[in-house]
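The values are calculated or read from the model by the stated rules, or taken from the named source; none is laboratory data. For clarity, every value in this text was computed on a predicted model and none was experimentally measured. Here the Cβ is made from the backbone with ideal geometry for all residues, glycine too, and neighbour counts use every protein chain on show. Surface areas here come from the heavy atoms of the whole protein model, side chains and all, with no ligands, DNA or RNA. Shrake-Rupley method; radii C 1.70, N 1.55, O 1.52, S 1.80 Å.
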Amino acid sequence: MASGSRPWGALLLPLLLLPAASRAGGGCAGEGGSLEPFDALYASGVEAYYGGDFAGAARCLERALRSRRELRAARLRPQRKGPSVGFCCHVPWQKGSLPYAGGSLLCAGCLVFVSERPSRLGRVTDVRGCSINFCVHCPTSPAHVVFLTLLQMNKLEEAANAAHTFFMANPEHMEIQQDIENYKTTAGKVSLIDREAKQHMEDYSAGVRHYDREEYELAIDFLERALKGYYVEDEDCQIMCEGPQRFEEHEYLEYKAGLYEAIADHYMQVLACKHDCVRELATRSGRISPIENFLPLHYDYLQFAYYRVGDYVKALECAKSYLLFHPDDEDVLENAGYYESLLEGTMDPDTVKPRKEAKTLLRRHKLESHLLQVAAASLGYTYTEPNYWNRYGARQDEHSVPSSISSEPEDGPRLSLAKKPTPKPDRELKEGGPLLYSDVKFVYNSQQLNGTQRVLLDNVISEEQCRELHRVASGIMLAGDGYRGKTSPHTPNERFEGATVLKALKYGYEGRVPLKSARLFYDISEKARRIVESYFMLNSTLYFSYTHLVCRTALSGQQERRNDLSHPIHADNCLLDPEANECWKEPPAYTFRDYSALLYMNADFEGGEFIFTEMDAKTVTASIKPKCGRMISFSSGGENPHGVKAVTKGQRCAVALWFTLDPLYRELERIQADEVIAMLDQEHLGPSEMNINPKDEL
């Protein structure tokens, strides 16, 4: 491990995935049965962990994961197509057999017997997802795994895989990200394993990687394997939906539906669950948001890959399969027309049909949607059909074949330069508006910073204002402010301190810092907000979401051979997932943030450059050296991943600002600060010497 890096004290729930270290230690609940309830095993593992028995905890938690997988398999077996299905349910319902009610009881009893039989200690019903007591990925446990214990157990590689598994579902967890990077640096070239990965998604990702490298035969192999796995998983998902339902919309004691109402309620919940399998199969383990247009994209990639290897029949077949989902996609319609022209004279292109499994799934999906909407209208509840096949999730390449034969060079069709549609932004993106203040200097725009919605400005505040603000910071900042008191929330090699506008004004009013200096913090943040709102030409008011005066101080004795970042690469309103090349706009991300800005106060430190990267969180697209009065501002989404290089000497201070266009998410402390300022103005107390109302527009 590099000198100065910390132990893996932040592994949190990868504890659940730790490999069995030994057979020593305390026992697990239900130990000895053929298949124990996984929630009981999980509870035993957590208890062992808090008792300091890490080997016992690892053993119990491994068994909990295995039990969960095996119980799911046991539930699937009796309901899959085959003799077991007839054994449980089909035979008693045939003509001449027992009456309907008796047959139902026998069927239910058989399924209960099969599902209970593997579990010696009772039934566990929640197998499809995370329950309150058992969650593979949920980042809610306060458990901490001690790195030195893992080292003594000689299980560092397995611990790294556990951390990687947790990180794939929780990409916002920066400490885990840094731990993994530390391990990679120490161990050299490694290939980490996501133990909860869905195989059809792994195959799909591999296929896309080969496609991007123009390795089309390999891309076809993986994408076809992914499709096969997808349809197997779809069948399993349909089966798993047929289990018990919770009737979450009803209070159990007050629920007095008759037979037919109860049947309808149950069936509608089962149907909604089955209908949502499309979303579940497109969602990575532990995530909330699915990959848009996931299933159709398989056929989209395949249609061009097959074309490139000369299999025009398969290319046309996959193009027609894709068009089942998006019949008006102009790019694929053109490609299909071109493939048909290549087949003319050798066969009738009309004999090439879309794939049967795609037609079957889409027909079932449409029928489910129709039944859900009819039920909603009849039973009096609200149902809105989600957009499962969002066309904005599309191949982002130039592989579109024109229908014009005249544009065809000797070795094949010319590739169109037109790309597939990209997601439409919530608003029209503009930039280049007035900077409002004559002393503010424009430095670089988005194009010069190699990105989207970015601007770099100088002279936003003067040298004297920087010094005054720095003096205020030294009197009001608290270690770990904004991070629940954690003095080193992003790296153990630096101390983090911060303060809010309201705290500054409070200290100023109490006389603990000069009131004019405290008000300066308020005024310059308002000046920054106005500049951002004007430069990006926003048509609505930009509100403060959070304002934070922050300093990062390099800790002496911990800077040698340092390989971490001061602030790991992230996005401000979504969860950056470099492996999937996605940014998931879902909690716990601050999804309401729209724009961000950093106003720097000093340059007398080493390191600490602000960097933009690609979505891979590795490829740097722009690097900015802070200095007094310099401000970088940008949109807060996945288009702008960013971070801070290590501060290796001295203290780096800045005013960090996040903005929102939604007034519902205005910063509460800012509203309170506005009230304090209004009171001070009324009492003629302590206005700063800074005029934030621009008179001279550029």
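Net charge near residue 309, counting Lys/Arg +1 and Asp/Glu -1 over other residues with Cβ under 12 Å of its Cβ? Charge balance in the 12 Å sphere: -3. Note on residue 190 and residue 537: the model spin-label points, each 7 Å out from Cα along the C-beta direction, lie 4.9 nm apart.
Counting Lys +1, Arg +1, Asp -1, Glu -1, what net charge surrounds residue 654 among other residues with beta carbon under 11 Å of its beta carbon? Residues close to residue 654 contribute a combined charge of +4. Judged by the mean number of other Cβ atoms found within 10 Å, the most tightly packed of the peptides 292-303, 435-446, 46-57 leads the ranking 292-303, 46-57, 435-446. Taking the simple approach of a point 7 Å from Cα along Cα-to-Cβ for both residue 512 and residue 662, what is their distance in nm? Those two pseudo-labels are separated by 3.3 nm. If R0 is 56 Å, the Cβ-Cβ spacing of residue 467 and residue 579 corresponds to a FRET efficiency of close to 0.80. Our estimate of slack between residue 156 and residue 232, defined as 0.36 nm per intervening residue step minus the Cα-Cα distance, is 23.9 nm.
Put simply, segment 585-628 fits an ellipsoid with semi-axes of 25, 16, 8 Å; these come from the alpha carbon gyration tensor as the roots of five times its eigenvalues, largest first.
In this simple spin-label model, placing a label point 7 Å from the Cα along the Cα-to-Cβ direction at both residue 478 and residue 217 gives a separation of 6.5 nm.
At a 10 angstrom cut-off on C-beta neighbours, averaged per residue, how do the peptides 624-636, 210-222 rank from highest to lowest?
Values: 624-636: 21.7, 210-222: 17.1.
My ranking of the peptides, most packed first, is 624-636, 210-222.
Out of every Cα-Cα pair that segment 441-684 contains, those further apart than 33 angstrom amount to 14 percent. The residues neighbouring residue 227, those whose beta-carbon lies less than 9 Å from its own, together hold a net charge of 0 under the Lys/Arg +1, Asp/Glu -1 convention. Rolling a 1.4 Å probe across the protein heavy atoms gives segment 441-684 an accessible surface of 41 Å² per residue. Computed from the C-beta positions of residue 431 and residue 669, the FRET efficiency with R₀ = 30 Å rounds to 0.55. Here residue 197 and residue 385 are evaluated by their C-beta separation; at R0 = 41 Å the FRET efficiency comes out at 0.90.
Segment 578-603 and segment 356-376 have Cα centres separated by 38 Å.
If I stretch the segment between residue 366 and residue 263 completely, what's the gain in nm (0.36 nm per residue apart, minus their alpha carbon distance), one decimal?
Details: separation 103, 0.36 × 103 = 37.08 nm, distance 2.20 nm.
That works out to 34.9 nm of additional length.
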